[in-house]
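The values are calculated or read from the model by the stated rules, or taken from the named source; none is laboratory data. The shown structure was predicted, so the numbers you read here are calculated from the model rather than taken from an experiment. Backbone-built Cβ (ideal geometry, glycine too); neighbour counts: all protein chains shown.
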């Protein structure tokens with residue numbers, strides 16, 4: 001079984017030969033077995049902490065085949081408003097519940113949940129269920145370097161340390 005073991009740098013010129021369509025949870029996993037559209041089974045074996053994003057390219061160690069990651073459409077809730085204060089309040093309440101969240105200019109996107117939808121409606125959002133690729137915010141400690149390969153440490157004094 002072909003196994004993809006390395007995330008290529010954006011500057012790497014090699015074109016992709018296959019596409020791996022993965023949902024958000026699959027893109028967060030370090031070890032995974034998936035089927036290509038051809039039904040060929042392939043593996044993904046990456047360092048812990050790597051979270052793949054739409055457009056990332058992986059390379060198989062055995063034969064050098066390059067695969068492009070595609071974010072699969074998922075059932076999500078979209079809470080919309082043009083009120084920036086309401087958007088901030090909604091992001092606070094969803095974040096306080098540790099909900100994976102994508103924040104855009106006038107909307108919040110999170111995994112579909114009718115209870116959270118009700119909370120957002122009570123706050124004043126217009127909420128709809130949609131089928132979209134889901135790319136939530138990476139989080140405060142995810143860092144910007146190489147898809148989570150580097151880690152940021154909390155500031156001194158944070159959390160009592």
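Scan segment 10-24 for residues that are part of a loop (DSSP other than H, G, I, E, B), within 18 Å of residue 63 (Cα to Cα) and touching a strand residue (DSSP E or B) at 6+ places or on another chain (Cβ under 9 Å) and jot them down.
Filtering segment 10-24 for residues part of a loop (DSSP other than H, G, I, E, B) gives 10-17, 23.
With within 18 Å of residue 63 (Cα to Cα) added as a condition, the list becomes 12-17.
Across segment 10-24, the qualifying residues are 12, 14, 15, 16, 17.
With respect to residue 62, is the statement that it is more than 19 Å from the chain's Cα centre (by Cα) and either modelled with pLDDT under 95 or surrounded by 12 or more Cβ atoms within 10 Å (Cβ to Cβ) (or both) true? When the stated conditions are applied, residue 62 passes them.
Check segment 30-43 and report whether any residue there is under 21 Å from residue 2 (Cα atoms) and buried (at least 17 other Cβ atoms within 10 Å of the Cβ). Even if it seems obvious, please write down each step before you answer.
Taking segment 30-43 as the starting set, the residues that turn out to be under 21 Å from residue 2 (Cα atoms) are 30-43.
Filter once more, keeping what is buried (at least 17 other Cβ atoms within 10 Å of the Cβ): 32, 42.
Within segment 30-43, one or more residues are under 21 Å from residue 2 (Cα atoms) and buried (at least 17 other Cβ atoms within 10 Å of the Cβ).
Which residue out of 87, 52, 94 is assigned by TED's automatic domain parsing to the domain that holds residue 9 and either crowded, with 18+ Cβ neighbours inside 10 Å or touching a strand residue (DSSP E or B) at 6+ places or on another chain (Cβ under 9 Å) (or both)?
Numbers: 87 fails: assigned by TED's automatic domain parsing to the domain that holds residue 9; 94 fails: assigned by TED's automatic domain parsing to the domain that holds residue 9.
Checking each option against the conditions leaves just 52.
Of the residues 69, 99, 78, the single one that is part of a strand (DSSP E or B), surrounded by 15 or more Cβ atoms within 10 Å (Cβ to Cβ) and either at positive phi or touching a helix residue (DSSP H, G or I) at 6+ places or on another chain (Cβ under 9 Å) (or both) is 69. When both residues are 6+ apart or on different chains and their Cβ atoms are under 8 Å apart, which pairs have a first residue that lies in segment 117-132 and is over 14 Å from residue 89 (Cα atoms), and a second that is part of a helix (DSSP H, G or I)? If the second residue must be part of a helix (DSSP H, G or I), the pairs left are 127/117; 127/120; 127/121; 129/117.
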